[in-house]
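Structure first, then comments.
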């Protein structure tokens, strides 16, 4: 059943902690979201990352803040020192004052693969300005990386090939369409999350072997 009832307000779409959409079932809810009504904002458990802090991100901010922020301070977390510096610079320029601090997470968290993550500490009274920086710069830490940091998981090595570039072992060597096939395979795997696995043999390998992709660009 589609989400459409008043009680569905704020539920994630799809039902995932990393979803980037949330249900606003009525026109009044949409207006309330745009106008920042607490009754709407407080029901949102997720949303587009630039506008809504994911739950994992909020939990990470709180965990890091307990260790690096002083009284009357808050913090946000960014994946690299450079992105944290840009966010801090945004806040300082907006306030025309040097009010921020940048702290490597390596100082407060064990090495779990995210060695480049940094936090930006700022006065809590300027949380709205900090959120503007998060929104406009668009470099805040992702919900999945935040989840990893909280759980202590080791991140995938940076030099590991993205999933879309990993080809099946049966793909003929020297196939001129390898990059295109890799993209097709990634999309097939993505949509199988919703449609279920295909019952056919691997169409990508078959197509390359038969030469039926020779006209593709």
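Every number in this text was worked out from the coordinates using simple rules, so none of it is lab data. Nothing here was measured: the structure is a model prediction, and the numbers come from that model. Cβ sites come from the backbone with ideal geometry, for glycine too, and all protein chains shown count toward neighbours.
Descriptive notes on the structure:
- Expressed as a fraction of 2.2 N^0.38 Å, the value expected for a compact globular protein of N residues, the C-alpha radius of gyration of segment 27-135 is 1.13.
- Percent breakdown of C-alpha pair distances by 10 Å bin, ordered from the shortest bin, for segment 6-76: 20, 42, 26, 11, 0
- Each residue in 61, 51, 56 was given a count of other beta-carbon atoms within 10 angstrom of its own, and listing them fewest first yields 51, 61, 56.
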